[in-house]
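A.B. asks: My questions will all concern the structure given below.
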Amino acid sequence: MRKLLNQLERYYSAYMLIGQYYGWSNHGAAVPNLSRLQAVSGQSPRQTATFCAMLQARNLISIETLPGDRRQKILRPAESLIREVGRSCAAFVQAYDLIAGSALALPFEQDAGVLGEMIFLSAARVQGTGSVISEFPAVLQLAGYDSGYPLLVALVLSRYRRAAGEEGISLTHGALAERFQVSESHVGNVLGHMRQARALLACGPQELGVTEELVDEFEDWCAAEMAHYADLAQRAMAYPESCHP
């Protein structure tokens, strides 16, 4: 599932699918069907239909008939999809909790419906004012490549570990390919894009590092996402009846 979602357009499509479902189930928005998703998915209509078919084949969504109108087909996300799409959202809230001493992420563990409601609130904000990541061009560009975002996180994690005097993770093409279940040539392509953007440093014979500028942008983006989701988590918890998927 993570390999399927490790590219921004596919992740965004799944994100909007969940947002539309909770908008309909919790707030009386339009029926969350394929045509409505195609209008906002960020992919072409054909790509969106193919993506939904892939999600359905993996039991990550179900396609159900609307009671009273058999022509309407509802795209219902499975709890497993909500939790996977919401994994990074919840992680930002958990990080906020560590700093602020709050417990905003706790309800997510107990009820995927609260997480789904937060994704709906975020999707509505994205459609109104744009995504948080759009303000951070280097992170946005890397997230657009298959597995580009996890590769970036691995590089930043290794940097943090080395700075703390700990052993960094292996960043060879083979080790990264095995970690993220992609080919070594694909890892090479993503790292090649990073080299062209002057975002990589050579720290040793087989060790890579990211530039200070990219780390600064990554951290600023994380701080912005933490603030974004902490605000929405409070609003999601205030909703009286979370809708279970």
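The values are calculated or read from the model by the stated rules, or taken from the named source; none is laboratory data. Computed from a predicted structure; not experimentally measured. Heads up, the Cβs are rebuilt from the backbone with ideal geometry, glycines too, and the neighbour counts pull from every protein chain shown.
A.B. asks: Does Ala163 fit the bill of being touching a residue at least 60 places away in the same chain (Cβ under 8 Å) and surrounded by fewer than 18 Cβ atoms within 10 Å (Cβ to Cβ)? Step through it out loud before you land on a result.
C.D. replies: Values: touching a residue at least 60 places away in the same chain (Cβ under 8 Å): no; surrounded by fewer than 18 Cβ atoms within 10 Å (Cβ to Cβ): yes.
Judged against the criteria, Ala163 is not a match.
A.B. asks: Collect the residues in the stretch 109-136 that are outside any helix (DSSP H, G or I) and more than 11 Å from His228 (Cβ to Cβ), keeping them in residue-number order.
C.D. replies: Of everything in the stretch 109-136, those that are outside any helix (DSSP H, G or I) and more than 11 Å from His228 (Cβ to Cβ) turn out to be Asp111, Gly130, Phe136.
A.B. asks: Go over the candidates Gln7, Gln43, Gln47 one by one and state the one that is at pLDDT 95 or above and more than 14 Å from Ile74 (Cα to Cα).
C.D. replies: Answer to the selection: Gln47.
A.B. asks: Out of everything in the stretch 42-72 that is surrounded by fewer than 17 Cβ atoms within 10 Å (Cβ to Cβ) and touching a strand residue (DSSP E or B) at 6+ places or on another chain (Cβ under 8 Å), what residue ends up being nearest to Phe108 (Cα to Cα)?
C.D. replies: Top of the filtered list is Ser62.
Every residue, every condition in (1) outside the structural domain of Ile63 (by TED's automatic domain parsing); (2) modelled with pLDDT under 95; (3) out of contact with any Ser or Thr (no Cβ under 8 Å at 6 or more places or on another chain), yes or no:
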site	(1), (2), (3)
Pro77	no, no, yes
Ser80	no, no, yes
Ser88	no, yes, yes
Ala95	no, no, yes
Ala100	no, no, yes
Leu106	no, yes, yes
Glu109	no, yes, yes
Val114	no, yes, no
Ile119	no, no, yes
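A.B. asks: Could I ask something else about it? Check the stretch 173-180 and report whether any residue there is more than 20 Å from Lys3 (Cα to Cα) and either of a type in the set (Val, Ile, Thr) or without any contact (Cβ under 8 Å) to a residue 40 or more places away in the chain (or both).
C.D. replies: Taking the stretch 173-180 first, the residues more than 20 Å from Lys3 (Cα to Cα) are none.
No, that holds for no residue.
A.B. asks: Could you list all residues from the stretch 83-108 that are touching a Leu at 6+ places or on another chain (Cβ under 9 Å) and in a loop (DSSP other than H, G, I, E, B)?
C.D. replies: Gly86, the sole residue that qualifies.
A.B. asks: Can I ask one more? Just one of Val139, Val156 is more than 13 Å from the chain's Cα centre (by Cα), surrounded by 13 or more Cβ atoms within 10 Å (Cβ to Cβ) and not in a loop (DSSP other than H, G, I, E, B); which is it? If you could, list the steps in order and put the result at the bottom.
C.D. replies: Working: Val139 fails: more than 13 Å from the chain's Cα centre (by Cα).
From the options Val139, Val156, the qualifying one is Val156.
A.B. asks: Among residues belonging to the stretch 166-178 that are in a loop (DSSP other than H, G, I, E, B) and among the aliphatic types (A, V, I, L, M), point out the one that is surrounded by the fewest Cβ atoms within 10 Å (Cβ to Cβ).
C.D. replies: So, considering only residues that are in a loop (DSSP other than H, G, I, E, B) and among the aliphatic types (A, V, I, L, M), the one surrounded by the fewest Cβ atoms within 10 Å (Cβ to Cβ) is Ile169.
A.B. asks: May I pose another question? Are there any pairs with C-beta distances below 8 angstrom linking a residue in the stretch 1-26 that is touching a residue at least 40 places away in the same chain (Cβ under 8 Å) to a residue that is basic (Lys, Arg) and not in a helix (DSSP H, G or I), with the two at least 6 apart or on different chains, and if so which?
C.D. replies: Filtered contacts from the stretch 1-26: Met1/Arg58; Leu4/Arg58; Tyr21/Arg76.
A.B. asks: Which of the residues belonging to the stretch 31-58 are over 16 Å from Ser80 (Cα atoms) and among the charged types (D, E, K, R)?
C.D. replies: Scanning the stretch 31-58 gives Arg36, Arg46.
A.B. asks: Counting just the residues of the stretch 40-78 that are in contact with a helix residue (DSSP H, G or I) (Cβ under 9 Å, 6 or more places away or on another chain), hydrophobic (A, V, I, L, M, F, W, C) and not in a strand (DSSP E or B), which one comes out farthest from Arg125 (Cα to Cα)?
C.D. replies: Met54
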